[in-house]
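Every read-out reported here was derived from the displayed coordinates using simple, explicitly stated rules and does not represent laboratory data. The model shown is predicted, which means the values in this text are computed figures rather than measured ones. All Cβ positions, even for glycine, are placed from backbone atoms using ideal geometry, and neighbour counts span all protein chains on display.
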Amino acid sequence: MTTPRRRRGVAALTLLLVAAATGCGVQAENIPREANPPNGISHAWATQTPPDPGPGAGPIQERLYFVQDGELVAVTRNLDAQPSVDELVDDLLAGPTDAEQRDGLTSALLGNDIVVGVQLDDGRATVELTAGLDESGRTDQILAFAQIVCTLTAKDAITAVSFTRDGQVVGVPRADGSLADAPATAADYASLLAGP
């Protein structure tokens, strides 16, 4: 037999359970509305995607290949914007900066009138050359072509490089001195890369 005190306890517990089940006094709404999370650090949980950092928020890295002691050396420069392929080649042809020269870097690409332009097609860059860069197979010429190929293929969108003069494909020297008309890749000059 239950006592009045026990009945009151059961009734109170029942009321608490009913209140909890109905949302603790929060009324249901027929029309959804936007909930605004609190400001401050706790707001971070409500952001589903990170905000767009916008232009100039972080440096873009440009990788160029120069020469030191007869080997190719990769140099990374920080830029404010992604360079076009033509701008990348212009930066390469301009040669090492004063600071890079003090570090012993040089270039086998003498003069900035070597390249007429660059065209991209399905992952291949075609570099139109002037007569200023021959394909004789001399060591400095091998390094010059290696600089161009390795710099261009350092970009994600480029996997191989062809060379033309007056619109005609020209053979270029590989690291072993052999001439080839086929598109060149960074692997063709891997033996020229400076060690770590």
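With 0.36 nm allotted per residue and the present C-alpha distance subtracted, the ASP69-GLN168 stretch has 32.3 nm of extension available. For the pair ASP121 and GLN101 in one chain, pulling the backbone fully straight at 0.36 nm per residue adds 3.8 nm over the alpha carbon distance.
Using a simple spin-label model with pseudo-atoms 7 Å out from Cα toward Cβ, GLU128 and ARG77 lie 2.4 nm apart. As a ratio to 2.2 N^0.38 Å, the alpha-carbon radius of gyration computed for the range 60-192 takes the value 0.96. Once you reduce the range 142-184 and the range 96-122 to the center of their Cα atoms, the two points are 14 Å from each other.
Sequence-ordered 3J(HN,Hα) estimates for the range 83-90 from the Karplus curve with 6.51, -1.76 and 1.60 and θ = phi - 60° stand at x, 6, 4, 5, 5, 4, 5, 4 Hz, glycine and proline given as x. In a fully extended conformation the segment linking ALA190 and ASN112 would gain 25.6 nm over its present Cα-Cα distance, using 0.36 nm per residue.
Which of the peptides 100-106, 160-166, 176-182 is most tightly packed, and how do the rest follow, judged by the mean count of other Cβ atoms within 10 Å per residue?
160-166, 100-106, 176-182
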